[in-house]
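Have a look at the structure below before the remarks.
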């Protein structure tokens, strides 16, 4: 394989453990959590819809998210050979074009499962799978731009997953309050994804990926990420107060204040502490998502809040 950024492998097909590593189960939690927030935001009794909820959780995490990881790793194999050479593809444990084949197969399988969950779930799956390919694959490759790349990931991981959870339950286009929450938490996730880019600055710079840490520098990118995260949540708080969900608004406010405190610590050494914040501040962010979903689900009308 002349010119390959990863070593030749003597094996003709990958081991299942390497495939599982390629699919990165640790990344499945955010979309699965967002899907459940979508379910909760409808106010529906979960036990009445358990087959759809179970199928949707599988769709959000082990299917769509896993497919996106395979696609991303295949098209990032040159970058990973610099940043993380021990990953399955650059190390040769996923040989030949198996990374590409796995991404295609898992994408198609995801579309099949989405179709089984209903029209709106299928539409959302098409969007999520499409974004996964547009994010990683040329000629579009949103990943190479520090503004559009994190936005695409935020929409796919948080927004589309939340939308799918709500749409599966109401079997219709969710109502305006749910859609507003989807948009705002997708926007806030832009900041989370920007901080996630801090771990790959060297490889991004060498390979021409213009992430915000590369374009703006570490400190400015960290400030932008924090401002986007907090700004989106402040609008959520204002919305909760507008619909008179004062207790839920107070809880989200407390969670935001805790994030600000953690951000102040992170800003002392952004490049070093960004992974630490993504393990702490992001947890508070997703808890706020659930609190917001509970608030929306408690509004009179529950799952009847649809666009009619």
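The values are calculated or read from the model by the stated rules, or taken from the named source; none is laboratory data. Owing to the predicted nature of the structure, the values given are computational and were not obtained by experimental measurement. As a convention, Cβ positions derive from the backbone with ideal geometry for all residues, glycine included, and neighbour counts pool all protein chains shown.
Residue-by-condition table, conditions (1) touching a residue at least 12 places away in the same chain (Cβ under 8 Å); (2) not in a helix (DSSP H, G or I):
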residue: 35; (1), (2): yes, no
residue: 49; (1), (2): yes, no
residue: 68; (1), (2): yes, no
residue: 74; (1), (2): yes, no
residue: 90; (1), (2): yes, yes
residue: 115; (1), (2): no, no
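For the condition surrounded by 22 or more Cβ atoms within 10 Å (Cβ to Cβ) and in contact with a strand residue (DSSP E or B) (Cβ under 7 Å, 6 or more places away or on another chain), what is the one hit in 161, 167? I'd like the intermediate steps shown before the answer.
Numbers: 161 fails: in contact with a strand residue (DSSP E or B) (Cβ under 7 Å, 6 or more places away or on another chain).
From the options 161, 167, the qualifying one is 167.
So which of 252, 247, 260 ends up being modelled with pLDDT of 95 or more and crowded, with 16+ Cβ neighbours inside 10 Å? Walk me through how you get there before you give the answer.
Values: 247 fails: crowded, with 16+ Cβ neighbours inside 10 Å; 260 fails: crowded, with 16+ Cβ neighbours inside 10 Å.
One residue alone meets the criteria, 252.
Taking the conditions exactly as written (closer than 30 Å to residue 296 by Cα and at pLDDT below 95), does residue 172 satisfy them or not? Please lay out each step first, then the result.
Values: closer than 30 Å to residue 296 by Cα: yes; at pLDDT below 95: yes.
Yes, satisfied.
So which helices (runs of 4 or more DSSP H) are wholly in the stretch 198-264 and hold at least 2 residues that are in contact with a helix residue (DSSP H, G or I) (Cβ under 8 Å, 6 or more places away or on another chain) and closer than 21 Å to residue 280 by Cβ? Steps first, please.
Numbers: elements: 201-207, 212-216, 218-242.
The helices (runs of 4 or more DSSP H) meeting that bar are 212-216, 218-242.
As an exercise: evaluate residue 195 against (1) touching a helix residue (DSSP H, G or I) at 6+ places or on another chain (Cβ under 8 Å); (2) loosely packed, with under 15 Cβ neighbours inside 10 Å and give the number of the one condition it does not meet.
The single condition residue 195 does not satisfy is (2).
Those residues that are free of Cβ contacts under 8 Å to residues at least 12 places away in the same chain and more than 28 Å from residue 43 (Cβ to Cβ), I need them from the stretch 266-300; list them, please. Break it down stepwise before answering.
Taking the stretch 266-300 and keeping what is free of Cβ contacts under 8 Å to residues at least 12 places away in the same chain, we get 268-269, 272-273, 276, 279, 283, 300.
Across the stretch 266-300, the qualifying residues are 268, 269, 272, 273, 276, 279.
Being surrounded by fewer than 17 Cβ atoms within 10 Å (Cβ to Cβ), within 15 Å of residue 289 (Cα to Cα) and over 23 Å from the mean Cα position of the chain (by Cα) is the filter here; which residues of the stretch 208-244 pass it?
Within the stretch 208-244, just 238 meets the criteria.
From the list 140, 153, exactly one residue is within 26 Å of residue 79 (Cα to Cα) and either touching a strand residue (DSSP E or B) at 6+ places or on another chain (Cβ under 7 Å) or not in a helix (DSSP H, G or I) (or both). Which is it?
140
Criterion first (over 19 Å from the mean Cα position of the chain (by Cα) and modelled with pLDDT under 90) does residue 82 satisfy it? Spell out how you get there, then give the answer.
Values: over 19 Å from the mean Cα position of the chain (by Cα): yes; modelled with pLDDT under 90: yes.
Yes, satisfied.
Looking at 123, 64, 127, which is the one that is assigned to a helix (DSSP H, G or I), farther than 22 Å from residue 25 by Cβ and within 14 Å of the chain's Cα centre (by Cα)?
Numbers: 123 fails: within 14 Å of the chain's Cα centre (by Cα); 64 fails: farther than 22 Å from residue 25 by Cβ.
Result of the check over 123, 64, 127: 127.
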